[in-house]
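The values are calculated or read from the model by the stated rules, or taken from the named source; none is laboratory data. It should be emphasised that the depicted structure is a prediction, and the values quoted were computed from it without experimental measurement. Cβ: placed from backbone, ideal geometry, glycine included. Neighbour counts: every protein chain shown. Keep in mind that these areas ignore ligands, DNA and RNA; they rest on the heavy atoms of the full protein, side chains included. Shrake-Rupley method; radii C 1.70, N 1.55, O 1.52, S 1.80 Å.
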Amino acid sequence: MNIYIAITNQIGPAIARLAKAELTLAAKELNHTIVNVVTDAAVVVLIGQGTISDTTLNGKKVYTVMDIDQLFANPKQILIDTENKAEIYTVNTDVSSSDTIINKDTKRIVAVTACPTGVAHTFMAAEAIEEEAKKRGWWCKVETRGSVGVGNELTAEEIAAADIVIVACDIEVDLSKFAGKLMYRTKTGPALKKTAQEFDRAFAEAKIYQPESTVKTTQTSKEKKGIYQHLLTGISYMLPMVVAGGLIKALSFALGHFENLPQMVKVTVDNIEVTKEVMVNTLVGEAHLAQIGSIAFILMVPLLAGYIAYSIADRPGLVPGLVGGFLAAEIGAGFLGGIIAGYFAGYVALLLTRYIKLPQSMSSLKPILIVPLMATLIVGLGMQLVFGEPIAFLMKALNEWLKVMQHSTSVVILGAILGAMMCTDMGGPLNKAAYATGVGLIAEQQYAPMAAIMAAGMVPPLAMTIATIIASKKFNKTEQQSGRAAFVLGLCFISEGAIPFAARDPLRVIPSCIIGGAITGGLALLWETTLRTPHGGIFALLIPGVVDHPVKYLLAIAIGSLIGGIIYAMIKKPESQQEIALAEKMAS
């Protein structure tokens, strides 16, 4: 029997591809054929709760699958029901344009995507938007603001001709070139997972964009969301500097030499602990590379503070943020001081921009002279006289605590917590909170936490790969292919490679990954591994000096991934059991 698969406008492109793959595999087992032209089909499977305007379905026998989870649980039963329960279908030609897959008018859409790291979600969301536009028959071009800069850049002509601008960004980006255009703003998550719904909402909720509107934040809920987004923006700009500085410093040590240098150490004389200067054989980095790496480290905190302030107040916040961050670094307040300085500078600049009123003839002086000058003075004096010293005291205490903990069994608990956070939501708030902590501590030259964080972040995709190998009979062919792809993503430190598995079976996948990640994080710190860069995955090991104790580091990743994969392989229900459970549910 020939079967055609139709998708309504409520199903995103990623889910649609998975659903078609599941039905194609099930059709082969039942000796059916999935066809690409509706006129060649005897019956049609219509997936989703939305509507469809394809008039070629008129008069066809159609079976509608409302519950997408039911399809994934038992695709064979769906095809059996299609053969037995399909009914003659009539397309409603009176549906509104927002409820149809293909609008009568070809619309032109431009979009921008960006995520904090500029690696995974940036490009996955772009692909989802392009696929949805293609499905609707609309013209679309997506500009990506990734870790390597602007990709597929939009031209002035393309922007001018566009009907709407969709901005799917988790961080603050420069949107000045879209001034005056109809704009809808969302995040990469909804754009990736609920693409069709976001398209419909875009035309219903879009508003004319004016650059000044970025400072008009009124609702408390939006401000709470903005606080987190501002931090992610600062981290995204700081991240390349951390990567470059960490790798260059590691390379300087790889090319360095040992020298006897004086150091102050604690020794016991007549049962009394005293501090004295002794000569210690110390590894010294190559001078030129060490200087470059040190300068990069000096600039980390100012960049963090500057772009937090920029995210809050746009350009008027950048200078006071940079100055406040530099003062935080000079005082010893570290990354924590940089975060405080960034928020302080941003909101001071925002308030000055809102409440300083000038004649029209002098208004051009406000963003380039008056606001930066006053905000920089306020932030600078605030850091010097009020905030700097208390935050420096806290940072000193934190550094001392971390140094002491690294030589005690408590370090395992810290590593386990960080590892579990990395694996709980795979790219979500907890994951980003742990990652942001590790990045900030690199700026303080505390490299151990990042070793636990990156190692654990590789566990979820690698564990799914292992599970699909050792329990292959429990996974269909599509899942086995996803497992192979997850292996590469895991090696690259892209935790999102496990999301397809977590989306389908969250109650089993997520606990398995948390256990594996916690074990990896704990072992990484127990074995005193350190990591001098916040990205690169397994490939960071190719640069000498980046990872201390690289064999133990790899072993920690392998053990956690293996345990997580074995746990999931053991607790995952085979398809036959899922079919029984579904049959019992339907019978009841």
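Put a dot 7 Å past the Cα of PHE258, heading toward its Cβ, do the same for LEU430, and the two dots end up 4.4 nm apart. I need the shape label for the chain. Rule: rounded when a/c is under 1.5, else prolate if a/b > b/c, else oblate, with a, b, c from the alpha carbon gyration tensor. It is oblate, given that a/c is not under 1.5 and a/b is not larger than b/c. Each residue of the range 181-195 is assigned a 3J(HN,Hα), and the resulting list reads 8, 5, 10, 10, 10, 8, 10, 5, x, x, 5, 7, 9, 10, 4 Hz, derived from the Karplus form 6.51 cos²θ - 1.76 cosθ + 1.60 (θ = phi - 60°), x at Gly and Pro.
A probe of 1.4 angstrom, applied to the heavy atoms of all protein chains, finds LEU554 with accessible area near 80 square angstrom.
For the chain, the longest principal axis of the alpha carbon atoms and the long axis of helix 13-29 meet at an angle near 50°. What shape does the range 433-588 take by its C-alpha gyration tensor, where a ≥ b ≥ c are the square roots of the eigenvalues and a/c under 1.5 counts as rounded, a/b above b/c as prolate, and the rest as oblate? It comes out prolate by the Cα gyration axes. The residues LYS357, LYS474, sorted by heavy-atom accessible surface at 1.4 Å with ligands and nucleic acids left out, run LYS357, LYS474 from largest to smallest. Measuring with a 1.4 angstrom probe and ignoring ligands and nucleic acids, CYS492 comes out at about 40 Å² accessible. Relative to the longest principal axis of the C-alpha atoms of the chain, give the angle of the C-alpha long axis of helix 220-254, reported between 0 and 90° and rounded to the nearest 10°. Approximately 60 degrees, to the nearest 10.
In this structure, the amide hydrogen of CYS140, modeled 1.01 Å from its nitrogen in the peptide plane, lies closer than 5 angstrom to those of ILE109, counting only residues at least 5 positions away or on a different chain. Computed from Cα atoms, the angle from the helix 506-526 axis to the main principal axis of the chain rounds to 20 degrees.
Were the residues from ALA42 through ASP69 laid out at 0.36 nm apart, the gain over their Cα-Cα distance would be 7.2 nm. Close amide H contacts of GLY146 (hydrogens built in the peptide plane, cut-off under 5 Å, sequence separation of 5 or more or a different chain): GLY151. Note on PHE203: accessible area approximately 70 square angstrom, rounded to 10, probe 1.4 Å, nucleic acids and ligands left out. In terms of its C-alpha gyration tensor, the range 254-377 has a prolate overall shape, because the principal axis ratio a/c (a ≥ b ≥ c, square roots of the eigenvalues) is not below 1.5 and a/b outweighs b/c. Taking amide H positions as modeled 1.01 Å from N, with prolines and chain starts lacking one, the residues under 5 Å from GLY256 and 5 or more places away or on another chain are GLU286. For LYS473, LYS181, LYS61, the ranking by accessible surface with the largest value first comes to LYS473, LYS61, LYS181, using a 1.4 Å probe.
Rounded to the nearest Å, what's the spacing between the alpha carbon centres of the range 283-308 and the range 459-521? Just the number, please. Computed from Cα coordinates, the inter-centre distance equals 36 Å. Pairs exceeding a 27 Å alpha-carbon distance, out of LYS477/LYS573; LYS60/LYS141; LYS107/LYS432; LYS20/LYS60: LYS60/LYS141; LYS107/LYS432. What the Cβ-Cβ distance of TYR355 and ASN31 gives, at R0 = 56 Å and to the nearest 0.05, is a FRET efficiency of 0.15. Note on ALA397 and VAL284: with the Förster distance fixed at 25 Å, the Cβ-Cβ geometry gives a FRET efficiency of about 0.30.
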